[in-house]
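Read through the structure below, which is laid out as structure tokens, and then see the notes.
The values are calculated or read from the model by the stated rules, or taken from the named source; none is laboratory data. All values reported here derive from a predicted model rather than from experimental measurement. Glycine gets a Cβ as well: all are built from the backbone with ideal geometry, and neighbour counts include every protein chain shown. What goes into the accessible areas is simple: the full protein's heavy atoms, side chains included, and nothing from ligands, DNA or RNA. Shrake-Rupley method; radii C 1.70, N 1.55, O 1.52, S 1.80 Å.
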Amino acid sequence: MARPIVHDQHVQQRLLAVTAELVDREGPARVTLRDVAAAADTSTSAIYSLFGGKAQLLTAAVDDGFRSFGESQRRAAKDGLLGLGRAYRAWALEHPALYRLMFGGAMAAYVECSPTPEVASDSMLPLVDAVIAAQSGGKVRAQNPAVVAMAIWGQVHGLVSLELAQMNDPATDWAGIYEAALESVARAWAP
């Protein structure tokens, strides 16, 4: 008697990681469930069993990225805005495929796939909380914390996106530029 195939959390995580890598490299239109299953050393039935289909797998991969990113932000929150900014770049450099998958927008044109709103917004809560704490401590101007957080996010996101896109000369000191930008952001929002 054959034992039932068990599709556990390890298979699920492997499928999510492989999906991000393949979509990043090939684009969502060219990636098939068969490709994903083969690269993850499993079967397409595992994908259907765990996720339901391609759109659900892609959404799960995006959500997984936001969860991982959010966890890194929560760990860095104790170090305030500067720590969050540094953790943002570090996470993106460690997970470039997930970062591009989360923020690239290429999938939306191909398949109904967008992050679960609660998952995506939850990942940004540490930034809003840090803005509120900095405002309470007199280090950031008293303005709508969500607006301040979005402005800060836009700055760090833009620089990280440029770095991952390998813009500019290969010898560009992205770490130095990023630190200068973080200092600039702090000065810009000082009271």
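Some observations on this one:
- The lone exception for Ala87 - which of (1) touching a Pro at 6+ places or on another chain (Cβ under 8 Å); (2) small (Gly, Ala, Ser); (3) crowded, with 17+ Cβ neighbours inside 10 Å it fails: (1)
- The C-beta contact set for segment 25-41 (first residue under 16 Å from Ala60 (Cα atoms), second residue part of a loop (DSSP other than H, G, I, E, B), distance under 7 angstrom, 6+ apart or interchain) comprises Pro28/Val111; Ala37/Ser43.
- Meets criteria (small (Gly, Ala, Ser), touching a residue at least 60 places away in the same chain (Cβ under 8 Å) and farther than 23 Å from Ala151 by Cβ) for Ala20: yes
- Among the residues of segment 51-62, none qualifies, meaning not one is of a type in the set (Ser, Thr, Tyr), open to solvent by 40 Å² or more (accessible area, probe 1.4 Å) and under 22 Å from Glu26 (Cα atoms).
- Any hit, segment 155-172, residues being farther than 30 Å from Leu58 by Cβ and in contact (Cβ under 8 Å) with a residue 24 or more places away in the chain: no
- Meets criteria (closer than 21 Å to Pro96 by Cα, among the acidic types (Asp, Glu) and more than 22 Å from the chain's Cα centre (by Cα)) for Asp35: yes
- Residue satisfying all of: in segment 135-188; outside any helix (DSSP H, G or I) and touching a Phe, Trp or Tyr at 6+ places or on another chain (Cβ under 7 Å); least open to solvent (accessible area, probe 1.4 Å) among these: Val140
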